[in-house]
Amino acid sequence: MLIRVGSRGSRLALVQAESAAARLRAPGIEIALVPITTAGDRDRTRPFGEIGDRGVFVKELEEALLGGRVDVAVHSAKDMTSTDTEGLVVGAYLGREDPRDALCGAEGIRPGMRIGTASIRRRVQLLALEPSLSIEPLRGNVDTRLRKRRERGLDAIVLAACGLDRLGLSGEIGHRFDPDDLLPEAGQGAVALQVRAGDVDLVGAVDHEPTRRRVEAERACVGAIGGGCLAPVAAYHDGERLTGLVAAEDASWIERRSGEDPSAVAAELLACMP
């Protein structure tokens with residue numbers, strides 16, 4: 001039996017896809033990796049909001065699934081929309097790795113620093129920690145952003161810690177933010193294996209239930225709020241409780257609420273928005 005596994009073509013995406021493939025391989029099962037270029041990969045300069053919606057790194061992979069060109073799509077769970085595309089489901093989540101954001105280039109935040117990130121979620125939380133920061137837009141894959149930090153003379157950049165760990169670049173990390181300081185993106189640190197609705201058996205055996213429970217709660221919270229990576233919205237479940245966040249784009253206000261039920265946390269956040 002041949003299982004065609006679709007993935008973005010970046011170095012990190014292929015590392016994640018190979019990790020998934022290694023778990024899926026079994027006697028009688030062959031794996032073929034199929035690199036697919038997404039809208040977010042083609043346009044590495046414009047802000048995400050000018051390219052499309054939150055699914056700029058998943059849409060083409062989902063189309064390949066629906067079109068029967070691949071059998072499994074491997075995603076960074078944080079890149080996915082908060083609701084499943086019709087006809088598709090997350091058949092498995094691999095065990096979650098470090099969900100935190102990482103500061104590269106410095107060991108902590110100092111007044112007046114120039115920090116690069118394209119994430120509005122990170123920008124508003126960084127400014128809440130230190131209003132004097134200069135937050136500059138920075139896009140590209142992990143290696144590109146590390147290179148651009150040096151070329152542009154930025155004091156630091158913020159990346160997902162898990163991506164650096166997976167690429168063997170943990171030495172670039174000067175500080176890992178506690179979620180109490182920088183709440184992660186919903187799904188950050190997790191890899192999702194998406195399949196057609198009738199094909200869960202292809203991947204179900206590798207599903208990590210604790211990761212599924214946490215990430216599904218985070219996605220549900222963000223979906224109920226109605227935001228994503230294009231808005232200052234975040235959600236993170238630490239295994240015991242779910243924390244959600246909404247903020248003004250100019251960082252003039254930030255609200256956090258915690259609880260067990262995603263809908264209730266989202267409702268509390270929506271109620272406190274100006």
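Computed from Cα positions, the angle between helix 11-24 and the longest principal axis of the chain comes to roughly 40 degrees. Against the main long axis of the alpha-carbon atoms of the chain, helix 120-129 sits at an angle near 30°. Think of it as helices only: each DSSP H run of n ≥ 4 in the chain is worth -39500 (n - 2.57), and spread over all residues that comes to -9000 deg cm²/dmol at 222 nm. When a 1.4 Å probe is rolled over the protein heavy atoms, the share of accessible surface on the chain that falls to carbon and sulfur comes to 49 percent. Protection proxy ranking, highest mean first, for peptides 204-212, 110-118: 110-118, 204-212, where packing is the per-residue count of other beta-carbon atoms within 10 Å, averaged. In the chain, the convex hull through the Cα atoms has an average projected area of 13.8 nm², a quarter of its surface area. Computed from Cα atoms, the angle from the helix 262-272 axis to the main principal axis of the chain rounds to 30 degrees. Note that the chain presents 43 Å² accessible area per residue, ligands and nucleic acids not counted, probe 1.4 Å. Of all DSSP bridge pairs formed entirely within the chain, close to 70 percent run antiparallel.
The values are calculated or read from the model by the stated rules, or taken from the named source; none is laboratory data. The model shown is predicted, which means the values in this text are computed figures rather than measured ones. A quick note on method: Cβ atoms are made from the backbone with ideal geometry, for glycine too, and the neighbour counts reach across all protein chains shown. Only protein heavy atoms, including side chains, enter the accessible area calculation; ligands, DNA and RNA are left aside. Shrake-Rupley method; radii C 1.70, N 1.55, O 1.52, S 1.80 Å.
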